[in-house]
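The values are calculated or read from the model by the stated rules, or taken from the named source; none is laboratory data. Please read all numbers here as calculations on a predicted model, not as lab measurements. Heads up, the Cβs are rebuilt from the backbone with ideal geometry, glycines too, and the neighbour counts pull from every protein chain shown. Calculation scope for accessible area: heavy atoms of the full protein, side chains included, ligands and nucleic acids excluded. Shrake-Rupley method; radii C 1.70, N 1.55, O 1.52, S 1.80 Å.
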Amino acid sequence: GNRLEQVGSLYEVAAARASTDLNGNVPIIAVITVVRFHGVTERTRFSVGGVYNMVFDLEVRHAETGVVLEANRRIHADLPAPGGRAAVELERIGQTERVRVLDYLTYVLGRELGVDTTPGAPTPIEDLI
């Protein structure tokens, strides 16, 4: 499929999920610009594993006035991509690549927007295998 659309969809879904926990009095718009999204190939995933390397810029604006509330900043969000048996086991229990990346991006965006992410922090890989 179209990689740009797939990556865009990941960020859109993660942003929508992260925004459900925002409860401030000021309406905001989070402007996200993807700088880099590096996944892993099937071959790498089922052998040695790797890292989902996600880099994006985040700017927060007032939704009604457009005034910048938080200046543009670069966010580096790297997520380990387990390989071999660990990758197979994660797939078996429903932790697909899409699920893991979406959960992690939701967590990172929530954290960056000031949501208390402690209860929703992603489960470490070691706890899943």
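R0 = 30 Å: FRET efficiency of Ile75 with Arg3, Cβ-based, nearest 0.05?
Plugging the Cβ-Cβ distance into 1/(1 + (r/R0)^6) gives 0.90.
Please give me, ordered by residue number, the chymotrypsin sites (Phe, Trp or Tyr not before Pro) of region 18-77 that lie in loop per DSSP and have at most 14 other Cβ atoms within 10 Å.
none
Given 0.36 nm per residue, what is the gain on full extension from Arg43 to Ala63 after removing their alpha carbon distance, in nm?
2.9 nm
Among Val67, Val13, Val31, determine the one that fluctuates most according to a GNM of the chain built with springs between C-alpha atoms less than 10 Å apart.
Val67
Hey, how much of the P(r) for the chain falls beyond 24 Å, as a percent of Cα pairs?
Counting every Cα pair in the chain, those more than 24 Å apart make up 33 percent.
Roughly how many Å² is the accessible area per residue of region 6-79, as a whole number, for a 1.4 Å probe?
Per residue, region 6-79 has an accessible area of 61 Å².
Can you work out the FRET efficiency for the pair Thr20 and Thr96, with r the C-beta to C-beta distance and R0 = 25 Å, to the nearest 0.05?
Step by step, r from the Cβ atoms, then E = 0.70.
How large, in percent, is the carbon and sulfur part of the accessible surface of the chain at a probe radius of 1.4 Å?
Carbon and sulfur atoms account for 51 percent of the accessible area of the chain.
7 Å from Cα along Cα→Cβ at both Val88 and Val31: what's the point-to-point distance in nm?
4.8
Rounded to the nearest 500, what is the 222 nm mean residue ellipticity of the chain from helices alone, with -39500 (n - 2.57) per DSSP H run of 4+ residues and division by all residues?
-11000 deg cm²/dmol
Among Thr65, Thr106, Thr96, which one moves the most in a GNM of the chain with springs linking Cα atoms closer than 10 Å?
Top of the fluctuation ranking is Thr65.
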